[in-house]
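Reviewing the structure listed below.
The values are calculated or read from the model by the stated rules, or taken from the named source; none is laboratory data. Please read these numbers as outputs of a predicted model, since none were measured by experiment. Every residue, glycine as well, gets a Cβ built from its backbone with ideal geometry; the counts of neighbours run over all protein chains shown.
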Amino acid sequence: MSDGRKTILMIAGEASGDTLGAELIEAIRRQPGGDEIDFIGAGGPRMEAASLRPEFDLSEHAVVGIWEVLKNYFKFRRLFRHLFELATRREPDAIVLIDYPGFNLRFAKAIRRYNAQGGGAFGEWQPKIVCYVSPQLWAWKGGRVHQIAKDVDLMLSIFPFEKAWYAERVPGFAVEFVGHPLVDRFPLAKPDEKTVPLDPDLFTEQPTVLLLPGSRRREIDKHLPVMLEAAVIFSEKIKTRLCLVLPSDEMLDLASRHIPTGTEIDLQVGGLAKALGQASLAIASSGTVTMECAWFRVPTVVLYKTSPLTHALGRALLKVPYLAMPNLLADEELFPEFIQSAANADNLAEASLRLLQDRGERTRILDGLGRVATQLGPSGAAPRAAQAVLGTLG
């Protein structure tokens, strides 16, 4: 651009990606020359607060599962075209795709096809494309790795094993392990600094059980009722304090419709870190939040329920033995997992009681979570990611 400024287009499609994107923007701003960059694209309120000029909040449209995506196909096609037209009109110097692989990898491929056809002013526009958070190809779609290596200039990984995984399959592909953002977000959860010790002994006082059903409407509807049923069962044997943590007022309103009158439960929006710091047990939807539970050393029962079509296809494609990332990193089931029909009240209650009452099991889990935490790298993930992105701009 004539004034020397550069432009980065960013796309984040979920609340977790919005947080990651905001941290990245702030880290870039702190780098030399970072104040000479304009950020455009799609992100949520945190990215907007960090100086992104958003076209829309893509996270408001987040869905999960193949059937859910198909039902919303035309809406996502419209949003995709909007961002593609923005990119080809503004011709950003770099495109940073934050997680959300179903949408973002297609976007990268579309941009590269446009470049190959000579699109852009004088056919010279060749933006650097960066993926921040590797898609979980190692879990089920390993065959896509070669296409991704063609479309993407740089992969920023937050898990240590991914760099070697890519190197084995596409040796020339640029992959950098920048570390996990949890290390910086919640430094007081480190083992040597944790202010609330976790005693693996049987609880003598009323333990707090967190219910974390998810951040999407379908997850609330599918997960919260069975969580509440399980809580009724285990609360007959151990008196517990229930706490439901949700990401937004909208999700709180939705969740409130599932809570029977007279149920004693603390409801809160946000404040997950403080809640985890005080929790003895969590019952959580499989996803990003299970890593937060692991980082705070909270024994967790994991569940996931989705449409029959999504579940059937997932079973056919999944190559790894566990769904929860802490279990994959530990290479053992630290967090009990219950999927689809197995995610019923009786199973959740039985597993919850075991984690609350069995001293040996709690000790095993806490030891394993300590080992998982050591794999997440040192602090400074966002600054390292920022330097890597700026490095692609020369």
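A few notes on this one:
- Out of VAL298, VAL269, sole residue that is crowded, with 23+ Cβ neighbours inside 10 Å and either assigned by TED's automatic domain parsing to the domain that holds LEU224 or modelled with pLDDT of 90 or more (or both): VAL298
- Residues considered: PHE107, PHE76, PHE103, PHE84. Of these, the only one that is outside the structural domain of ASP221 (by TED's automatic domain parsing), at pLDDT 95 or above and buried (at least 16 other Cβ atoms within 10 Å of the Cβ) is PHE107.
So that you can scan it fast, the table gives a plain yes or no per residue for (1) of a type outside the set (A, V, I, L, M); (2) at pLDDT 95 or above:
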position: GLY360; (1), (2): yes, no
position: GLY368; (1), (2): yes, yes
position: ALA373; (1), (2): no, no
position: GLY377; (1), (2): yes, no
position: ALA382; (1), (2): no, yes
position: GLY391; (1), (2): yes, yes
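- The residue pairs whose first member lies in the stretch 95-107 and is farther than 16 Å from THR7 by Cβ and part of a strand (DSSP E or B), whose second member is modelled with pLDDT under 95 and not hydroxyl-bearing (Ser, Thr, Tyr), and whose beta carbons are closer than 6 Å, counting only pairs six or more residues apart or on different chains, are ILE98/GLY17.
- Matching residues, the stretch 140-165, being more than 22 Å from THR374 (Cβ to Cβ) and out of contact with any Cys (no Cβ under 8 Å at 6 or more places or on another chain): TRP140, LYS141, GLY142, GLY143, ARG144, VAL145, HIS146, GLN147, ALA149, LYS150, ASP151, ASP153
- Pairs with Cβ under 7 Å, 6+ apart, first in the stretch 221-237 and small (Gly, Ala, Ser), second surrounded by fewer than 21 Cβ atoms within 10 Å (Cβ to Cβ) and not in a helix (DSSP H, G or I): ALA231/LEU242
- Residue list for the stretch 246-263, restricted to those being touching a residue at least 12 places away in the same chain (Cβ under 8 Å), surrounded by 12 or more Cβ atoms within 10 Å (Cβ to Cβ) and part of a helix (DSSP H, G or I): MET251, LEU252, LEU254, ALA255
- Within the stretch 258-275, tally of residues that are touching a helix residue (DSSP H, G or I) at 6+ places or on another chain (Cβ under 8 Å) and over 13 Å from ALA231 (Cβ atoms): 5
- For the stretch 24-34, the criterion of a residue being outside the structural domain of SER285 (by TED's automatic domain parsing), at pLDDT 95 or above and out of contact with any helix residue (DSSP H, G or I) (no Cβ under 8 Å at 6 or more places or on another chain) is satisfied by no position.
- Filtering SER256, SER248, SER280 for residues that are modelled with pLDDT under 90 and not basic (Lys, Arg) leaves a single hit, SER248.
- Matching option when the condition is among the charged types (D, E, K, R), part of a helix (DSSP H, G or I) and over 20 Å from ALA343 (Cα atoms), among LYS274, LYS222: LYS274
- The single condition among (1) surrounded by fewer than 20 Cβ atoms within 10 Å (Cβ to Cβ); (2) in a loop (DSSP other than H, G, I, E, B); (3) modelled with pLDDT of 95 or more that PRO92 does not satisfy is (1).
- Residue that is modelled with pLDDT of 90 or more and out of contact with any Pro (no Cβ under 9 Å at 6 or more places or on another chain), where the choices are ALA343, ALA312: ALA343
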